[in-house]
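Each remark here refers to the structure printed beneath this line.
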Amino acid sequence: MTTFASATMRRRRMALALAGLLSLAAMPAFAAYPEQPVRLVVGFPPGGGGDLYGRLIANALGKTLGQPVIVDNRAGAGGNIAADAVAKAKPDGYTLLLAMSGNLAVAPALRPQAIPYKAPDDFTPVGLILEAPHGLFVAHNSRFRTARELLDAARTQKLSFASTGAGAAAHIGMEMVKKEAGIEMLHVPYRGSGPAITDMLGGQVDCFFATASPLVGQVRQGQLRLLAITGNARNPAIPDVPTFKELGVNVPVTQWYGLVAPAGTPTPVVKYLADHLGRALATAEVRDAIRRDAATEHNLPMDGFGKFIQEDIARYKGAATPALLKEISP
C-alpha cells in the first residue's frame with residue numbers, strides 16, 4: 001500500500017524531473033545569447049559627457065560579448081525619454097539603458113508624476129559603471145579662491161549660482177550644499193554648461209555647480225577654478241581639490257552611470273551581462289579613460305546596484321523642500 005510519505009517523495013521526484021527538463025529546454029536559447037547586436041539607449045546627444053561614457057562602455061562591452069553594442073541616442077527631458085523607451089522595450093537582453101542619477105534617482109524621487117515610467121520598478125539592474133563628483137566652479141579670475149570664502153560671503157552677500165537646468169542632479173546637489181551650509185543663493189538655470197560658463201566668465205553669475213568630470217580639462221587649462229567637490233574622499237585625478245565634507249558640509253550625492261535592462265529580463269541573461277560589464281570595466285582602456293576625468297569606476301553588479309539606486313532615491317527625497325518642489329515642478 002502506498003504511504004503518504006512515499007507518495008509525497010514520488011511527487012517531489014516528478015517535480016524535480018520536470019524542472020530539469022524545462023531547464024534543458026531553455027538552455028539552447030540562452031546558450032546562444034547574444035545572437036545579434038545589443039542596443040544601448042543613451043539619453044544624450046552625440047558628443048556629450050554621458051554619450052562619451054556610453055560609447056566607451058558600448059565598445060568595451062561589445063568586445064567581451066562578441067556582438068556589437070550599438071549606441072542609440074534618445075536625447076531630451078533629462079534622460080527620461082531614453083528611460084521610457086527602455087522601460088517599454090522587450091525584456092530579452094537586447095535593449096539596455098545607460099542609466100544615470102538624473103533619470104533613475106532624481107526624477108523618481110522628486111518628480112514621479114512627471115515621468116512616464118516607474119523607477120526602479122520598470123528596470124532590472126545590470127551594474128554600476130562609474131561615479132563622478134559634482135563640483136563648485138568659479139571663473140579663473142574670480143575673487144573667490146576657496147570654497148570657504150564663497151560660502152562665508154554667501155552668508156552676508158547676495159550671490160548666485162548657475163546650473164544646467166532646474167531639477168538636474170547637480171542643481172539638487174547645490175541645494176543640498178545650501179541647506180547643509182546654512183546659506184541662501186539665487187539659482188540661475190541654463191540649458192547646458194556652455195551658456196552657464198560663458199555668463200560666469202562674463203560676471204553674470206558668481207559660480208557654477210555641475211558634474212566635475214566634463215570640466216576638468218578646462219580647470220587644467222586655467223579657464224576655470226574648481227573649489228570643492230561632493231563625495232566622501234578627494235579624487236586622485238584632482239588631489240588639491242577638497243571635498244565639501246572636509247568643510248563640514250556633507251553632500252554625498254554624485255553623478256553616476258550604470259546599465260539597466262527592462263524589468264522581466266531573464267536572470268541568466270542579466271547575470272551574463274553583469275559579468276561581461278565587469279570584464280569591460282577591468283580593461284585598462286576603460287579604467288584609464290574614466291579615472292582621467294576625475295571619475296571612479298565601480299564594478300557593482302545586479303542586487304548591489306539595485307540597492308545603490310534605492311539609497312540614492314532616498315537621498316534625493318531627503319532634499320525635497322516645498323520651495324524646491326515648486327521650482328522644479330513641470
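The values are calculated or read from the model by the stated rules, or taken from the named source; none is laboratory data. Here the structure is a predicted model, which means the values were calculated and not measured. FYI the Cβ positions are ideal-geometry reconstructions off the backbone, even for glycines, and counts take in every protein chain you see. Surface areas here come from the heavy atoms of the whole protein model, side chains and all, with no ligands, DNA or RNA. Shrake-Rupley method; radii C 1.70, N 1.55, O 1.52, S 1.80 Å.
Keeping to the stretch 317-330, report how many residues are within 17 Å of Leu104 (Cα to Cα) and assigned to a helix (DSSP H, G or I).
Count: 3.
Just to be sure before I move on: is Ala314 among the small types (Gly, Ala, Ser) and not in a helix (DSSP H, G or I) in the structure I sent? If you could, list the steps in order and put the result at the bottom.
Numbers: among the small types (Gly, Ala, Ser): yes; not in a helix (DSSP H, G or I): no.
Spelling it out, it is not the case that Ala314 is among the small types (Gly, Ala, Ser) and not in a helix (DSSP H, G or I).
Kindly establish whether Asp121 is more than 17 Å from Met302 (Cβ to Cβ) and not aliphatic (A, V, I, L, M).
Working: more than 17 Å from Met302 (Cβ to Cβ): no; not aliphatic (A, V, I, L, M): yes.
No, not satisfied.
Which residue pairs have Cβ atoms under 8 Å apart, sit 6 or more places apart or on different chains, and have a first residue in the stretch 128-142 that is farther than 16 Å from Leu201 by Cα and a second that is of a type in the set (D, E, K, R) and open to solvent by 10 Å² or more (accessible area, probe 1.4 Å)?
Once the first residue is farther than 16 Å from Leu201 by Cα and sits in the stretch 128-142, its partners that are of a type in the set (D, E, K, R) and open to solvent by 10 Å² or more (accessible area, probe 1.4 Å) give Ile129/Glu297; Leu130/Glu297; Ala132/Asp293.
For the stretch 111-140, how many residues meet the condition of being within 13 Å of the chain's Cα centre (by Cα) and open to solvent by 50 Å² or more (accessible area, probe 1.4 Å)?
So the answer is 0.
Conditions (1) surrounded by fewer than 12 Cβ atoms within 10 Å (Cβ to Cβ); (2) touching a Ser or Thr at 6+ places or on another chain (Cβ under 7 Å); (3) closer than 30 Å to Gln218 by Cβ; (4) modelled with pLDDT under 95, marked per residue:
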| site | (1), (2), (3), (4) |
| --- | --- |
| Thr2 | yes, no, no, yes |
| Thr8 | yes, no, no, yes |
| Arg11 | yes, no, no, yes |
| Met14 | yes, no, no, yes |
| Phe44 | no, no, yes, yes |
| Gly48 | no, no, yes, yes |
| Asp51 | no, no, yes, yes |
| Ile57 | no, no, yes, no |
| Thr64 | no, no, no, no |
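Any residue in the stretch 167-194 that's of a type in the set (Lys, Arg): show its pairings with residues that are open to solvent by 40 Å² or more (accessible area, probe 1.4 Å) and at pLDDT 95 or above at Cβ separation under 8 Å, as long as the two are six or more apart or on different chains.
Correct list of pairs: Lys178/Glu184.
Among the residues of the stretch 73-99, what is the count of those that are under 23 Å from Thr211 (Cα atoms), of a type outside the set (Lys, Arg) and either open to solvent by less than 10 Å² (accessible area, probe 1.4 Å) or more than 14 Å from the chain's Cα centre (by Cα) (or both)? Give the steps one after another, and end with the answer.
Taking the stretch 73-99 as the starting set, the residues that turn out to be under 23 Å from Thr211 (Cα atoms) are 73-83, 97-99.
In the following step, the residues that additionally are of a type outside the set (Lys, Arg) were identified as 73, 75-83, 97-99.
Now narrow it down to the ones that are either open to solvent by less than 10 Å² (accessible area, probe 1.4 Å) or more than 14 Å from the chain's Cα centre (by Cα) (or both): 73, 75-77, 79, 81-83, 97-99.
Of the residues in the stretch 73-99, 11 are under 23 Å from Thr211 (Cα atoms), of a type outside the set (Lys, Arg) and either open to solvent by less than 10 Å² (accessible area, probe 1.4 Å) or more than 14 Å from the chain's Cα centre (by Cα) (or both).
Restricting attention to the stretch 247-296, report how many residues are assigned to a helix (DSSP H, G or I) and not small (Gly, Ala, Ser). Walk me through it before giving the result.
From the stretch 247-296, those assigned to a helix (DSSP H, G or I) are 247, 267-281, 284-292; that's our starting set.
With the extra rule that they be not small (Gly, Ala, Ser), the set shrinks to 247, 267-273, 275-277, 279, 281, 285-288, 290-292.
Of the residues in the stretch 247-296, 20 are assigned to a helix (DSSP H, G or I) and not small (Gly, Ala, Ser).
Would a scan of the stretch 254-277 turn up a residue that is surrounded by 20 or more Cβ atoms within 10 Å (Cβ to Cβ), closer than 30 Å to Glu35 by Cβ, of a type in the set (Ser, Thr, Tyr) and touching a residue at least 24 places away in the same chain (Cβ under 8 Å)?
yes
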